[in-house]
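Read through the structure below, which is laid out as structure tokens, and then see the notes.
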Amino acid sequence: MEKPQSSSKSTMKATSMDRLIKIRKDFIKERLSSLQSEEHNFETVNVVNGVNYINNSASTDVDSTWLAMDKIEKNIIWIVGGVDRGNDYSMLRDLVNDKVLHIVCLGTYITKIFKAFSNSNSHVIINASSAEEAVHHASLLAKEGDTVLLSPACASYDLFESVEDRGQQFKRAVNDLINGELHQRYPAK
């Protein structure tokens, strides 16, 4: 005969299930919204001073980031981060070592990203707390012929309302870079 569970164990199980369901709903919501719009799927935003800026904000998992990186020849400044859903970044390690020059971590949940790539060939790993700041840092690190790739591999809900919001803020920051406003907000020290 099975022993009845205590109410605290039942409560813990229910709470865990609620969290899993919420995470799954957020995931489905982001995937559906990204499928409805090609705008944030490997979208070339602009070329500034010979640097290509690509918005792949719809990339909310490691697989889609792998696909985006695989499309680029080399010299990537990678903007990554957000709400990690248990990502295994090991599948990106070879591509990062071969193609990524610098990593800009965007968001509040970045410890796992730092740990995963701290021993990579990337020269700089830096943190940014907004799309604007990430583009600013990336623009300072990039040289002519490089590609700045926003491909977060994570959900957007730590700093942004949605995948679209993250992508729009990235594109706005690139446009502010073009017209000189971005560097005015982040003057050199």
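A few comments on the model shown:
- Single residue of Tyr53, Tyr109 found to be surrounded by 18 or more Cβ atoms within 10 Å (Cβ to Cβ), touching a strand residue (DSSP E or B) at 6+ places or on another chain (Cβ under 7 Å) and among the hydroxyl-bearing types (Ser, Thr, Tyr): Tyr53
- Test result for Thr60, modelled with pLDDT of 65 or more, of a type in the set (Ser, Thr, Tyr), in contact with a strand residue (DSSP E or B) (Cβ under 7 Å, 6 or more places away or on another chain) and assigned to a strand (DSSP E or B): no
- Options Ala116, Ala134: the member that is closer than 22 Å to Trp66 by Cα, part of a helix (DSSP H, G or I) and out of contact with any strand residue (DSSP E or B) (no Cβ under 9 Å at 6 or more places or on another chain): Ala116
- Flag not set for Asp165, criterion: closer than 24 Å to Asn41 by Cβ, surrounded by 14 or more Cβ atoms within 10 Å (Cβ to Cβ), of a type in the set (Asp, Glu) and in contact with a Gly (Cβ under 8 Å, 6 or more places away or on another chain).
- Filtered by the rule that a residue be modelled with pLDDT of 95 or more and of a type in the set (D, E, K, R), region 99-126 gives a lone residue, Lys99.
The values are calculated or read from the model by the stated rules, or taken from the named source; none is laboratory data. The structure presented is a predicted model; accordingly, all values stated were derived computationally and were not measured. Positions of Cβ are backbone-derived with ideal geometry, glycine not excepted, and every protein chain shown enters the neighbour counts.
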